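The values are calculated or read from the model by the stated rules, or taken from the named source; none is laboratory data. For clarity, every value in this text was computed on a predicted model and none was experimentally measured. Note: ideal-geometry Cβ built from the backbone for every residue, glycine included; neighbour counts use all protein chains shown. All accessible areas refer to the heavy atoms of the entire protein, side chains included, with ligands and DNA or RNA removed. Shrake-Rupley method; radii C 1.70, N 1.55, O 1.52, S 1.80 Å.
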Amino acid sequence: NAGVTQTPKFQVLKTGQSMTLQCAQDMNHEYMSWYRQDPGMGLRLIHYSVGAGITDQGEVPNGYNVSRSTTEDFPLRLLSAAPSQTSVYFCASSFYTGTSGNTIYFGEGSWLTVV
Amino acid sequence: GQQLNQSPQSMFIQEGEDVSMNCTSSSIFNTWLWYKQEPGEGPVLLIALYKAGELTSNGRLTAQFGITRKDSFLNISASIPSDVGIYFCLTSGTYKYIFGTGTRLKVLA
């Protein structure tokens, strides 16, 4: 009963380093998305995907890259980490009809610190 | 980005009291979802609503999808200390979920 699985849970990066946050879901959801949550704030959409091979930008896409080669996986890449990218990252997935989203399931979060 | 108006922003209540919070929007939506987020955890679904007027319960939690499709409320009855956390509503537009601003609940034993 895995749901949405994110790795790693915690990561410390140096400024300028690159890394990939992994996200996998086993519910056959077409829709997958990445959010960041800064202290005391709500979740902001980084990138999303409506199916394999299709991705689009959210609210705060700068500095992040995504790809969707399979239905199950949606990795988030930080190209050159900056301290402003210190945050908690959540991956999420759902069924989506285009105009109406169904229940969205969130991963447990990845805590990223950039020093 | 677009957000839903959620109130109250925070509340302290005594254990055993009932709690009520709501989300409103100027737009019509087809879905209202309520989540709880505890410190260090991801958001967890509490109740999902898909039809105007729908009233759904989950234990001590009850939520309703407003008739106008522009609002929803969540009630928690007989609160307990483990109800502490941030509660927020979600709805969905065109391939993007829209989040409420959150209600931070603190329960005093």
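Within the range A:81-91, one or more residues are outside any helix (DSSP H, G or I) and surrounded by fewer than 16 Cβ atoms within 10 Å (Cβ to Cβ). Can you find a residue that is under 27 Å from B:I47 (Cβ atoms), more than 12 Å from every other protein chain (Cβ to nearest Cβ) and not in a strand (DSSP E or B) anywhere in the range A:99-107? The answer is no, given that none of the residues of the range A:99-107 is under 27 Å from B:I47 (Cβ atoms), more than 12 Å from every other protein chain (Cβ to nearest Cβ) and not in a strand (DSSP E or B).
Screening the range B:9-105 for strands (runs of 3 or more DSSP E) wholly inside it with 1 or more residues that are open to solvent by 50 Å² or more (accessible area, probe 1.4 Å) returns the ranges B:10-14, B:19-24, B:44-49, B:55-58, B:61-65, B:71-76.
Need pairs with beta-carbon distance below 9 Å; first residue among the aliphatic types (A, V, I, L, M) and within the range B:24-40, second at pLDDT below 90 and surrounded by fewer than 21 Cβ atoms within 10 Å (Cβ to Cβ); sequence gap 6+ or separate chains. From the range B:24-40, the pairs are B:L33/A:N102; B:L33/A:T103. Test A:P39 against the criterion of being free of Cβ contacts under 8 Å to residues at least 12 places away in the same chain, farther than 15 Å from A:S93 by Cα and loosely packed, with under 15 Cβ neighbours inside 10 Å, and give yes or no. Taking the combined requirement at face value, the residue satisfies it. Here A:F95 passes the criteria (1) in contact with a Gly (Cβ under 9 Å, 6 or more places away or on another chain); (2) under 21 Å from B:T31 (Cα atoms); (3) open to solvent by less than 40 Å² (accessible area, probe 1.4 Å) except the one numbered (3).
State whether the residues of the range B:23-37 include one that is more than 13 Å from every other protein chain (Cβ to nearest Cβ) and touching a strand residue (DSSP E or B) at 6+ places or on another chain (Cβ under 6 Å). Yes - at least one qualifying residue is present in the range B:23-37. A:P75 meets the conditions (1) more than 11 Å from the chain's Cα centre (by Cα); (2) farther than 27 Å from B:G102 by Cβ; (3) away from every other protein chain (no Cβ under 13 Å) in every case but one. The failed one is (1).
Table: residues versus (1) in a loop (DSSP other than H, G, I, E, B); (2) polar (S, T, N, Q); (3) away from chain B (no Cβ under 11 Å).
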residue	(1), (2), (3)
A:Q11	no, yes, yes
A:Y35	no, no, no
A:L45	no, no, no
A:V50	no, no, no
A:E59	yes, no, no
A:N62	yes, yes, yes
